[in-house]
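Written out below as structure tokens is the structure these notes cover.
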Amino acid sequence: MKICRTVEELLSNVNTLKQSNKTIGLVPTMGALHNGHASLFVRARKENDVFISSVFVNPVQFNNKEDFEKYPRTEENDIRLLEENGCDIVFIPTAEEVYGNEEIEEFHFGELEQVMEGIQRPGHFSGVANIVSRLFIWTMADRAYFGEKDYQQIAIIKDMVRQKGFNIEIVPCPIYRDEDGLATSSRNMRLSEDARKIAPKIHQILLNSFRQKDNLSINQIQAYVEDEFKKIKEFELEYFCIVDDTTLQPVKQRQINQGIVGCIAVWLDGVRLIDIQRYW
Ligand code: AMP
């Protein structure tokens, strides 16, 4: 596996590969890699001639300085996990290398960003689009893999690809969970032992709401989930939104054949956890 720390090194490797018509699959990450990331690596490895990943804690997508500073950094481990998963090239730049003196571009995503993470984390998606658009250009990837845990992010990235006219396939990948149902996340390692035992309730509550979906209205699903979280004092629910699976706009009543997803952000032990549940 080649470790590239500069754009120049990355470009020179990618140019050689593209000259021999290799297909390239990209998995962008912020490191602190876990089995959730690895499930994306397996896909990218299998579906492309070349598998490139990036490890970069992107400062411009954090609107909370403390969250950025506390974000776990485990480079040695990350390199090992990538190697084990057959990664060909990993790009590990500094913020200076990525942004230098260049102006940060401002992206707008209309109603896609006027819900959920877009409201709670102003500027977050513009920051994500800044790094991901650069990675798409530098890696010349044919496909890029993203986890459905960050459901809204996938819609935003598809829209960024449309705005920029990039020729790249965005591949959404299912959430990988620990055995007890908790969606794996780099932030999970910040949970205390006690909090870690409570955290799987997030998925359990959502799953219970899913099992009752045919007997409940959308409002009742909403109320059920909110009530269940109120019963567990350790949780502070930030949002639970039941939305159209493409437009991400809140749904009050389901139309025929409409795809619907519930997206949640919840605080536990000072850690912000997100998850989703598809209903239809
Ligand atoms: P991150 O390093 O948290 O920015 O995540 C990098 C990519 O891995 C994103 O596309 C995430 O959605 C994805 N990812 C993170 N955790 C999981 C998980 N538990 N299951 C599937 N994909 C995940």
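A short reminder: the numbers here are calculations on the coordinates, not readings from a lab. Fair warning: this is a prediction, and the values are worked out from it, not measured in the lab. Here Cβ is always computed from backbone atoms with ideal geometry, including for glycine, and neighbour counts include all displayed protein chains.
Would you report the distance distribution of C-alpha pairs in segment 186-278 as whole percents per 5 angstrom bin, up to the bin with the largest distance?
With 5 Å bins starting at 0, P(r) equals 2, 13, 25, 24, 16, 11, 6, 2, 0.
How far is helix 35-47 tilted off the main Cα axis of the chain, in degrees rounded to 10, range 0 to 90?
50
How far, in degrees from 0 to 90, does helix 75-84 lean away from the longest principal axis of the Cα atoms of the chain, to the nearest 10?
Approximately 80 degrees, to the nearest ten.
Take each of the peptides 253-260, 161-168, average the number of other beta-carbon atoms within 10 Å over its residues, and list them starting from the highest.
Ranked by mean Cβ neighbours within 10 Å, highest first: 161-168, 253-260.
Just how far, in whole angstrom, is segment 136-192 from segment 56-110 if you go by their alpha carbon centroids?
14
Find the relative contact order for the chain and round it to a whole percent, using C-alpha pairs within less than 8 Å whose residues are 6+ positions apart.
18
Using alpha carbon coordinates only, what is the Rg to Rh ratio of the chain, with Rh defined as the Kirkwood radius?
When Rh is taken as the Kirkwood radius, the ratio is 0.97.
What lysines could a cross-link reach from residue 233, if we take a straight Cα to Cα line under 30 Å and drop same-chain neighbours fewer than 8 places away?
65, 70, 149, 197, 201, 213, 252
Quick one: helix 218-230 against the long Cα principal axis of the chain, what's the angle to the nearest 10°, folded into 0 to 90?
90
Which aspartates and glutamates does residue 230 reach when only Cα atoms under 14 Å apart count, and residues fewer than 8 places away in its own chain are ignored?
Partners found: 238.
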